[in-house]
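The values are calculated or read from the model by the stated rules, or taken from the named source; none is laboratory data. Worth saying up front: this structure is predicted, and the values here are computed from it rather than measured. All Cβ positions, even for glycine, are placed from backbone atoms using ideal geometry, and neighbour counts span all protein chains on display.
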Amino acid sequence: MRLLIDDHQPLWNVVVEGFSNNAPGARRRGPRPPWHELHPGVPWAEALSSASKSADRLRAAVHEHLLRQQQRMRQETHPGSG
């Protein structure tokens with residue numbers, strides 16, 4: 001499984017972690033997961049401190065990641081075309 005994640009670099013594992021997280025225990029309060037910074041409204045996540053990156057910075061990181069993935073797919077589909 002790790003090889004698939006390393007090879008394909010899914011957005012939710014690389015840039016926007018926290019998809020499908022459950023509420024942390026009382027002693028494990030940390031910053032809000034990036035997924036919940038972009039998708040507000042989950043009560044337990046709202047109670048946590050802000051993520052290390054703002055929603056705007058996360059959106060920019062998502063955009064950059066998708067551009068890199070698109071470029072990578074082009075290179076794999078058309079090798080040598082740069």
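The residue of the range 72-82 that is modelled with the highest pLDDT, among those that are of a type outside the set (S, T, N, Q), exposed (fewer than 12 other Cβ atoms within 10 Å of the Cβ) and farther than 18 Å from residue 14 by Cβ, is 78. Among the residues examined, residue 51 qualifies as in a loop (DSSP other than H, G, I, E, B) and among the small types (Gly, Ala, Ser). The residue pairs whose first member lies in the range 1-27 and is acidic (Asp, Glu), whose second member is surrounded by 14 or more Cβ atoms within 10 Å (Cβ to Cβ) and part of a helix (DSSP H, G or I), and whose beta carbons are closer than 7 Å, counting only pairs six or more residues apart or on different chains, are 17/34; 17/35. State whether one or more residues within the range 51-58 are loosely packed, with under 14 Cβ neighbours inside 10 Å and modelled with pLDDT under 90. For the range 51-58, residues loosely packed, with under 14 Cβ neighbours inside 10 Å and modelled with pLDDT under 90: present.
Under 12 Å from the mean Cα position of the chain (by Cα) and of a type in the set (Gly, Ala, Ser) - does that describe any residue in the range 27-40? No, every residue in the range 27-40 fails to be under 12 Å from the mean Cα position of the chain (by Cα) and of a type in the set (Gly, Ala, Ser). Beta carbons closer than 9 Å, at least 6 apart along the sequence or on distinct chains, pair a first residue in the range 58-82 that is among the basic types (Lys, Arg) with a second that is assigned to a helix (DSSP H, G or I) for 59/38.
Scanning the range 9-25 for residues that are in contact with a helix residue (DSSP H, G or I) (Cβ under 6 Å, 6 or more places away or on another chain) and assigned to a loop (DSSP other than H, G, I, E, B) yields 15, 16, 17, 18, 19, 23. Here's a check for you: in the range 1-49, which residue that is charged (D, E, K, R) and modelled with pLDDT of 80 or more is surrounded by the most Cβ atoms within 10 Å (Cβ to Cβ)? Of everything passing the filter in the range 1-49, 37 is surrounded by the most Cβ atoms within 10 Å (Cβ to Cβ).
Residue 69 satisfies every condition listed in (1) closer than 27 Å to residue 3 by Cβ; (2) within 13 Å of the chain's Cα centre (by Cα); (3) surrounded by 13 or more Cβ atoms within 10 Å (Cβ to Cβ); (4) not small (Gly, Ala, Ser) except (2).
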